[in-house]
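*Asks:* Pasting in a structure now, in structure tokens, and then I'll have a few things to ask.
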Amino acid sequence: MGRLLEVRNLKTRFYTQGREIHAVDDVSLHVDEGETLAVVGESGCGKSVTALSIMGLIPWPPGKILGGEVIFQGRDLLALAPQEMRQVRGREIGMVFQEPMTSLNPVLTIERQLTETLEAHQAMAPAAARERALEVMGQVGIPDAPTRLLQYPHQYSGGMRQRVMIAMALICGPKLILADEPTTALDVTIQAQILALMKDLSRRLGVAMILITHNLGVVARYADRVNVMYAGRVIERGSARALYATPRHPYTLGLLRSVPRLDRSRKQRLDPIEGQPPDLGALPQGCRFRARCPYAEKTCAETDPPLVPAGEGQWSACWKWEHLSTKSA
């Protein structure tokens with residue numbers, strides 16, 4: 001498998017009310033062909049901004065990408081002209097946005113919203129575009145596609161709207177899909193169906209995927225590798241199997257302990273992570289997780305730990321990673 005996407009030292013800032021918000025601060029990650037990478041963390045940690053930065057969708061004002069590289073198939077996307085980047089979006093990289101009801105146009109039929117992408121990127125005739133739309137709707141499991149194609153977003157359930165969003169991301173045959181919290185507004189059963197669908201499509205069509213979520217519990221079955229973000233930075237990364245078995249950062253350990261598990265008593269309480277994430281406009285000195293960390297010591301208040309190898313295939317930004325207790329992870 002070759003390297004499809006490599007993000008190097010990405011920095012994205014927002015400027016509001018005289019403050020500089022370090023939304024994405026020196027983030028590096030990569031995705032190989034056909035691979036599923038999960039990016040996990042609490043709300044506000046920089047996951048979605050990382051995805052929007054990759055797609056070149058950071059609005060100015062108030063946001064700006066200050067540095068880094070986004071290398072996709074040998075090209076730095078940050079160096080492309082706006083017109084060139086518009087050709088990449090949709091055709092080479094698809095995106096599934098967080099809330100389909102606000103992402104779909106309420107006054108256009110599903111057919112028009114699917115076919116306009118083909119007409120714009122592939123100059124496809126209307127009849128051929130409709131056939132392709134029917135094909136993709138079948139791939140994502142929407143029944144009675146000829147009838148549903150003529151309907152509007154409000155006539156679809158939440159799960160079906162999300163399937164339409166996946167169809168829109170797939171319709172031009174991209175190499176990579178960014179899925180930003182694709183199951184947030186769905187109930188647990190539909191969440192599992194959507195995640196299983198995306199994993200199956202990734203496997204069958206050879207499409208790589210970046211799955212962005214706040215829930216570490218939902219990605220165990222679907223991700224090959226996991227990057228954990230906190231306060232604008234990647235603080236742990238590794239294979240999904242290794243990260244779940246031996247978390248190497250206190251924040252990852254806290255996320256795992258706060259997820260309900262079938263092998264625990266129903267009466268056993270979850271262990272929440274105490275405190276709040278730091279203000280991204282006034283970051284503390286030293287480790288950004290220190291105020292919430294049960295393992296913090298003097299060194300943590302002085303120097304922000306770098307991301308370093310922490311066992312086979314894992315990396316951690318923690319001075320104490322070797323001393324973590326993983327018995328309850």
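*Asks:* Which count do you get for residues in segment 191-243 that are within 25 Å of Arg8 (Cα to Cα) and in a helix (DSSP H, G or I)?
*Replies:* Matching residues across segment 191-243 total 6.
*Asks:* So how many residues does segment 305-318 have that are free of Cβ contacts under 8 Å to residues at least 40 places away in the same chain and surrounded by fewer than 18 Cβ atoms within 10 Å (Cβ to Cβ)? If you could, list the steps in order and put the result at the bottom.
*Replies:* Quick first cut of segment 305-318, residues free of Cβ contacts under 8 Å to residues at least 40 places away in the same chain only: 305-306, 308-309.
Then keep just the ones that are surrounded by fewer than 18 Cβ atoms within 10 Å (Cβ to Cβ); that gives 306, 308-309.
So the answer is 3.
*Asks:* Now for a different question. So, in segment 65-104, of the ones that are polar (S, T, N, Q) and touching a helix residue (DSSP H, G or I) at 6+ places or on another chain (Cβ under 9 Å), which residue ends up farthest from Leu176 (Cα to Cα)? Explain how you work it out, then say what you get.
*Replies:* Going through segment 65-104, the residues polar (S, T, N, Q) turn out to be 73, 83, 87, 98, 102-103.
Checking the rest, the ones that are also touching a helix residue (DSSP H, G or I) at 6+ places or on another chain (Cβ under 9 Å) come to 87, 98, 103.
Working: Gln87: 14, Gln98: 17, Ser103: 19 Å.
Once the filter is applied, the top-ranked residue is Ser103.
*Asks:* A further question on this structure: Could you check segment 100-152 and list, in sequence order, the residues that are touching a Ser or Thr at 6+ places or on another chain (Cβ under 9 Å) and under 20 Å from Leu197 (Cα atoms)?
*Replies:* Correct list: Arg132, Ala133, Leu149.
*Asks:* Another question, if that's okay. Do any strands (runs of 3 or more DSSP E) lying entirely in segment 1-116 carry at least 2 residues that are more than 23 Å from Ser202 (Cα to Cα) and without any contact (Cβ under 8 Å) to a residue 60 or more places away in the chain, and which ones are they?
*Replies:* 3-16, 63-72
Where a number appears in this text, it was derived from the coordinates with a stated rule and is not lab data. Just so it is clear, the structure is predicted and the values come from calculations on it, not from any experiment. So basically every Cβ, Gly included, is an ideal-geometry build from the backbone, and we count neighbours across all protein chains shown.
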